[in-house]
1. Name the strands (runs of 3 or more DSSP E) wholly inside the range 331-411 in which the number of residues that are in contact with a helix residue (DSSP H, G or I) (Cβ under 8 Å, 6 or more places away or on another chain) and in contact (Cβ under 8 Å) with a residue 60 or more places away in the chain is 2 or more.
2. Just to verify a result, which residue in the range 204-232, among those that are among the hydroxyl-bearing types (Ser, Thr, Tyr) and more than 18 Å from Phe243 (Cβ to Cβ), is modelled with the lowest pLDDT?
3. Of the residues in the range 128-152, how many are within 15 Å of the chain's Cα centre (by Cα), part of a loop (DSSP other than H, G, I, E, B) and crowded, with 20+ Cβ neighbours inside 10 Å?
4. Of the residues Arg105, Arg99, only one is surrounded by 15 or more Cβ atoms within 10 Å (Cβ to Cβ), at pLDDT 85 or above, of a type in the set (Lys, Arg) and part of a helix (DSSP H, G or I); which?
5. Would you call Arg155 surrounded by fewer than 21 Cβ atoms within 10 Å (Cβ to Cβ), of a type in the set (D, E, K, R), touching a Pro at 6+ places or on another chain (Cβ under 9 Å) and in a helix (DSSP H, G or I)?
6. Of the residues that sit in the range 163-203 and are surrounded by fewer than 18 Cβ atoms within 10 Å (Cβ to Cβ) and closer than 28 Å to Lys108 by Cα, which one is modelled with the lowest pLDDT?
7. Name the residue that is surrounded by the fewest Cβ atoms within 10 Å (Cβ to Cβ), counting only residues in the range 480-497 that are touching a helix residue (DSSP H, G or I) at 6+ places or on another chain (Cβ under 8 Å) and part of a helix (DSSP H, G or I).
Amino acid sequence: MTLDDGPKEDLTDAALALSKDFGIASFSPKGPWDLDIDKIEWLPLTPYLRTRSKQLVPRLIRTRKLPPTQRVLGTGLKLGGALLAWKIFDKPKGLADSRRGMSQRLRKAFEALGPTYIKLGQIISAGEGLFPDELVREFKELRDHVRPQPFEIVRSTVESELGAELEDIFAHFSETPIAAASIAQVHLATLRSGEDVVVKVQRSTVADLVRKDLAAMSWIAPQLVGRIPVAALANPPAFVELFAETIVEELDFRLEAANMLDIAKILAETEQRSIIVPRPHPRYVTRKVLVMERLSGYGWDDATSMHDAGIDTQKVVRAALVSFLEGAVLYGVFHGDLHGGNLLVQPDGKVALLDFGMTGRLEEKKRVAFLKLMFGGTTNNVAMQVKALRDLGALPEDTDIDEVIKDLGLDQPAKDPTQMSPDELIAEIRDITKALLGYGAKLPKELILFVKNMLFLNASIAFLAPDVDIFQEIMYLVTYFTSKYGAIITEEIGMNVDEAPIDLEGFKGSLGLDSSVEQITYRELQERRELIRKRMEEHSRSKSTRRTGFPIRRVGAKLNKRRSTR
């Protein structure tokens, strides 16, 4: 079975003849070169390089009695200066200007602190729904608008890595990068043999700065856990470990090129030909330079141009979601850094997937746990979901599942947050957080990348398919996976998914919806969230007014009246 909502490829012999490697990987039908896996010069070394990178991480984030003073102080001064300037100049202007000012100053501080913090900012920029909107918008500037390195340094790096003069390899090499981000910058070029390519060049000092920053982060992260209750749940040490694993791999472009091949093969095997991967060059890939096929298309956020071109954006986002879930829960390999800068939509509706430096890889137990989490949610099997979270490491192995369900009220009707006062909502969040911490709950590092990608794809629906019925999309996904992989999933999770009825009550509850709600669009869901956000802002302003002695706003009076009648 193929994904019936994505663009179709003509898989006749004539089409396959266009490019031999098209038969084994989801590349463009006619590429600038054919990849013969057995003859790729850099590929045989990648298993050793991946193992070496993993072995390096514990040393980089090892426990230190004393902090790396110079970097910690430097980071503190940059961030502290940004916060001080915000407090003096932006905070007095009101809530909107305050948030905007804080976001701008933090973005500039992250950029000044260098590659590691720029990468952290890029991760934040993909956290729509998790971080404040102003912060997400501002940090999007860190995706590809960082100050580039001078071309003289770029030339030196390329020539040193490829072992030849620039002009001996390239007929043309643009001195101005089309994108400059944390680890590298990207230049357009043409090989002397005539192929148009993209050249990714690593920043010259990035490796040394990353080592220093990881040392500082690994010292700071455990300090947060004991001082900020919610930080224990967010699990900063696990985030630093994940961050270290991914960024260390990103420092070797041979591993990124191998990731490209792995994901392209999975896309072909699952028949997801509506998602394509650029071909890495069979020879011109080294630790600091990656030459790849040049692909183009509309920006992921440019829904207007896509609609004008007749592209069905609902099918585009659906294909991206399905391919991501297939890779994660069935193969344990997925693109770990989905954001608008890494996705281009071509005129025929295919999605070009870019930048594979951060790629998630799940060991078997945790891959199956994600599968259980997915089907436990769509069948409203609360016990299966909690067990899956335990298997992922979110709860200790000896956790009493029934007790967790009872204490968190997971077996009770959901509360609608739009019908709760701000004080009630805050109390509810506080009580749940306290209960989770009591069980030793924490966010496992494998879940961080997965959730971040799901949040990004969820937010993409807002502009690509705002009027799609969310419940119908879930029904489509479940039907797709059960009809295509039913036997495999049944064996792995121990539940016959062909016979298990789809039950969205649990999902409705997670959104705070009554069970009688039959459909809801993303636009309507956004309106609910906006209502909650405004109430919380009004509540915050009301409390601030009371502390300063100014007249209390009407909303504050209403909330007080509501509390007094309970």
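The values are calculated or read from the model by the stated rules, or taken from the named source; none is laboratory data. Bear in mind that the values here come from a model prediction, so they are computed numbers and not experimental data. Positions of Cβ are generated from backbone atoms using ideal geometry, with glycine treated the same way; all protein chains shown enter the neighbour counts.
1. Numbers: elements: 333-335, 343-345, 351-353, 359-361.
Those strands (runs of 3 or more DSSP E) span 333-335, 351-353, 359-361.
2. Taking the range 204-232 as the starting set, the residues that turn out to be among the hydroxyl-bearing types (Ser, Thr, Tyr) are 204-205, 218.
Right, trim to more than 18 Å from Phe243 (Cβ to Cβ) and you get 204-205.
Values: Ser204: 89, Thr205: 85.
Here the answer is Thr205.
3. Total meeting the criteria: 1.
4. It is Arg105.
5. Considered against the rule, which asks whether it is surrounded by fewer than 21 Cβ atoms within 10 Å (Cβ to Cβ), of a type in the set (D, E, K, R), touching a Pro at 6+ places or on another chain (Cβ under 9 Å) and in a helix (DSSP H, G or I), Arg155 comes out as no.
6. Per the criteria, the residue is Ile178.
7. That would be Ile488.
Residues checked against (1) crowded, with 22+ Cβ neighbours inside 10 Å; (2) touching a Ser or Thr at 6+ places or on another chain (Cβ under 9 Å):
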site: Val277; (1), (2): yes, yes
site: Pro282; (1), (2): no, no
site: Val285; (1), (2): yes, no
site: Leu295; (1), (2): no, yes
site: Gly299; (1), (2): no, yes
site: Ala303; (1), (2): no, yes
site: His307; (1), (2): no, yes
